[in-house]
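> Below: one structure in structure tokens.
The values are calculated or read from the model by the stated rules, or taken from the named source; none is laboratory data. As the structure is a computational prediction, the values presented were derived from the model and not from experiment. Note: ideal-geometry Cβ built from the backbone for every residue, glycine included; neighbour counts use all protein chains shown.
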Amino acid sequence: MIEDISNVGVLGSSAQQPKILRTCGVCAKEYHDKDITLIDRQDEVSLLHIQCPHCKHSMLAWLGPTLVGMGLVGMITDLSRQDMLRARSRGSLSEDELLEFYNVIHNQSLAKFFINK
């Protein structure tokens, strides 16, 4: 479920949105509603993808209620909105995939693994 946040009303109007969601953590320029995409929402917690229109850096942010108001945890990412959609629709890893990845990181180079894929 990827939706434009301006149509969802997760944060209310632009004036009500937390300032941290309005400013890029890399270049400090302002985002617009169209740059914020709702990736997922469960109960009162939302996962947002934000891409700065100026520097093109992206952030994943989890927004939800805390005991003292709204809380936000964000991290810079190189994932695009399309990457998030693919990851979201892919489903869970199988036990075999998880075991294969475990063996790769403990027994061989990750670069070698991806070259052989």
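> What number of residues within the range 33-54 satisfy the criterion of being within 14 Å of ARG22 (Cα to Cα) and of a type outside the set (Asp, Glu)? Walk me through it before giving the result.
Step one: filter the range 33-54 for residues within 14 Å of ARG22 (Cα to Cα), giving 33-37, 48-54.
With the extra rule that they be of a type outside the set (Asp, Glu), the set shrinks to 34, 36-37, 48-54.
The qualifying residues number 10.
> Criterion first (basic (Lys, Arg) and without any contact (Cβ under 8 Å) to a residue 40 or more places away in the chain) does ARG41 satisfy it? Lay out the reasoning, then the answer.
Numbers: basic (Lys, Arg): yes; without any contact (Cβ under 8 Å) to a residue 40 or more places away in the chain: no.
Taking the combined requirement at face value, the residue does not satisfy it.
> Additional query: Conditions first: (1) under 17 Å from ARG88 (Cβ atoms); (2) modelled with pLDDT of 90 or more. ILE5 passes all but one, so which condition is the exception?
Failing condition for ILE5: (2).
> Given the structure, is SER46 out of contact with any Pro (no Cβ under 8 Å at 6 or more places or on another chain), hydroxyl-bearing (Ser, Thr, Tyr), closer than 17 Å to GLY25 by Cα and at pLDDT 90 or above?
Spelling it out, it is not the case that SER46 is out of contact with any Pro (no Cβ under 8 Å at 6 or more places or on another chain), hydroxyl-bearing (Ser, Thr, Tyr), closer than 17 Å to GLY25 by Cα and at pLDDT 90 or above.
> So if I check each of LEU67, LEU79, LEU99, which one is touching a residue at least 24 places away in the same chain (Cβ under 8 Å) and either among the aliphatic types (A, V, I, L, M) or in contact with a Leu (Cβ under 7 Å, 6 or more places away or on another chain) (or both)? Reasoning before the result, please.
Working: LEU67 fails: touching a residue at least 24 places away in the same chain (Cβ under 8 Å); LEU99 fails: touching a residue at least 24 places away in the same chain (Cβ under 8 Å).
Residue meeting the stated conditions: LEU79.
> Still on this structure: Which of the residues belonging to the range 43-58 are within 14 Å of the chain's Cα centre (by Cα) and over 15 Å from LEU79 (Cα atoms)?
VAL45, SER46
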